[in-house]
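Below is one structure; the comments refer to it alone.
Please treat every number below as a calculation from the coordinates, not as lab data. Small disclaimer: the values here were computed from a predicted structure and weren't measured.
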Amino acid sequence: MNGSDDIRDLSKRLEDIEDILAQIAGGDLFARLKIDMDKADRLTAIETGLNLILSDLENETEQRLSLAEELSKIKKKE
């Protein structure tokens, strides 16, 4: 790749991150970045970290909803 291709690739990846953040802000916890590990660089670490945080957030949200459902069932029995 030459310099202008690198800049276009970086710009596209940053746009992808912005898009994912907008999706998350809209409530889509299933959104994930597509990561090309063959081109791993410093931005790849940020992309990977963001995906890991999203996965953790998704799991925590599912657990919270499950616990809320259980609590609701317990309250109905009382």
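At the listed q of 0.15, 0.26, 0.27 Å⁻¹, the Debye profile of the chain, built from one uniform point per Cα, gives log10 I(q)/I(0) equal to -0.64, -1.19, -1.23. Karplus-based coupling profile of region 50-62, in residue order and whole Hz: 4, 4, 5, 4, 5, 4, 4, 5, 4, 5, 5, 5, 4, with θ = phi - 60° in 6.51 cos²θ - 1.76 cosθ + 1.60 and x standing for Gly or Pro.
A straight Cα-to-Cα reach below 28 Å connects LYS34 with the lysines LYS12, residues fewer than 8 places away in its own chain not being considered.
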